[in-house]
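Remarks on the structure that follows.
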Amino acid sequence: MTKLHELFWTFFKIGAFTIGGGYAMIPLMEQEIVDKRKWLNKEEFMDTMSLAQSMPGVFAVNMATNVGFRTRGFAGAFIAVMGNVLMPILLILVLAIFFRQFSDNPMVKSIFKGIRPAVVALIAAPVFNMAKTAKISWSNFWIPVAATLLIWLLGVSPVIIILVAGLGGFIYGKIKGRKEAKK
Amino acid sequence: MIFWQLFYTFLKIGIFTFGGGYAMVALIQNEVVVENQWLTSQEFTDVLAISQASPGPLGINTATYTGYTAVVNAGYPEYMGILGAFLASFSVILLPFLLMLIITKVLLKHKDNPTLANIFLILRKVVVGLIAASALLLVSTENFGSPTESTFRFVISILIFIGVFVASYKFKKSPILLILVSGIIGFLVYGLPDVI
């Protein structure tokens, strides 16, 4: 039987050593979960990944929940998630407390003046990457643009946009299904 | 009370995040900067800088940091801020965690559901718009400097923006490297002249 501390340390490693968001964790996850621990085979891993991506929340935490539950039930899921988020939370706290103390320091201020435009670029760049995977074309280009303008200019909450889009997709599916049934 | 509001707000953010860390950043930004005004836009940008440069999922990092800052900004002592950080981080994962448990129990193997596939067809496109809005909301004089009042800083900011965008999008350079380099540029351009 899989030991809880194995689950903890595996997801601890995955959480603590990957920089650059959830998807950067995939290679390390596969190596640990499939190759080393053999908790899932390659195919199960791919299935779990697509499930974790389509559920709400944080991708890495969803992966930890699923793998933890499958190997050791609720306790396993809980321990895997804790392992996954513990180090990131503690690290951020240390950095937050550190920067609070030095935020008035002129040197820190000058450094952040350089960093801020970079941060904006780092949020803008994934927009174009994600546009490709979301299969955005000239015919449906208006959907993301409308979402952007509603949030940016009119201050509509993204939560509302998500709800409407989910409902829209549901209705679209029903209409498409009916059309196909007629044929 | 801020702790109750934090709990509720981050529960909401967690369950409405579809499509990864950047989508969560967009939701956190809306709730924390626009709706509740716990952080200024500039503070949020700094939080993002640290969150992107630190290991771990971007969504968790941003939740932790905003939880801490929101509580300290509300006038509470630092140890309460630490409590706020944990509260925000755990609230944001609570509902997805429970949902994932149920789904895993119900269907141990993920089956492709056509209804779900159609919902995601639209959802994915909207999430792209969400993140674009998030980036646009960060384009401010606080982050770039004013083109009329601080023209020099504005030009430098635009150059950094273009450089980092190209390096990230075209050459897939890591965020931590780009943040580091921009920090050094900031120090050389704005800090060093004062020191000398």
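The values are calculated or read from the model by the stated rules, or taken from the named source; none is laboratory data. Just so it is clear, the structure is predicted and the values come from calculations on it, not from any experiment. We place every Cβ from the backbone using ideal geometry, glycine too, and count neighbours over all the protein chains shown.
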Filtered residues of the stretch B:51-82 (kept if more than 8 Å from every other protein chain (Cβ to nearest Cβ) and either crowded, with 22+ Cβ neighbours inside 10 Å or in a helix (DSSP H, G or I) (or both))
B:Thr62, B:Ala63, B:Thr66, B:Gly67, B:Ala70, B:Val71, B:Asn73, B:Tyr79, B:Met80
Determine which member of the set A:Ile161, A:Ile136 is assigned to a helix (DSSP H, G or I), without any contact (Cβ under 8 Å) to a residue 40 or more places away in the chain and within 26 Å of B:Val139 (Cβ to Cβ).
A:Ile161
Selection within the stretch B:26-50 - farther than 18 Å from A:Asp104 by Cβ and facing chain A (nearest Cβ under 7 Å):
B:Ala26, B:Leu27, B:Asn30, B:Val34, B:Leu48
Just one of (1) more than 30 Å from B:Gly145 (Cα to Cα); (2) crowded, with 22+ Cβ neighbours inside 10 Å trips up A:Ile160, so point out which.
(2)
B:Thr141 vs. criteria more than 8 Å from chain A (Cβ to nearest Cβ), within 24 Å of B:Val33 (Cα to Cα) and among the β-branched types (Val, Ile, Thr)
yes
So which pairs qualify, if the first residue must be in the stretch A:41-54 and not assigned by TED's automatic domain parsing to the domain that holds A:Thr65 and of a type outside the set (D, E, K, R), the second must be crowded, with 16+ Cβ neighbours inside 10 Å and modelled with pLDDT of 80 or more, the Cβ gap must be under 7 Å, and the two must be at least 6 apart or on different chains?
none
Please find, within the stretch B:50-67, the residue that is nearest to B:Met24 (Cα to Cα) out of those that are out of contact with any Pro (no Cβ under 6 Å at 6 or more places or on another chain) and of a type in the set (Val, Ile, Thr).
B:Thr62
Apart from one, (1) of a type in the set (Val, Ile, Thr); (2) within 7 Å of chain B (Cβ to nearest Cβ); (3) more than 30 Å from B:Leu177 (Cα to Cα) all hold for A:Ile92; the odd one out is (3)
Quick one: which of A:Ala60, A:Ala64 is closer than 30 Å to B:Tyr79 by Cβ and more than 7 Å from every other protein chain (Cβ to nearest Cβ)?
A:Ala64
Sort out which residues of the stretch B:1-23 are within 20 Å of A:Ile89 (Cα to Cα) and either within 7 Å of chain A (Cβ to nearest Cβ) or not in a helix (DSSP H, G or I) (or both), and write them in order of number.
B:Lys12, B:Gly14, B:Ile15, B:Thr17, B:Gly20, B:Gly21, B:Tyr22
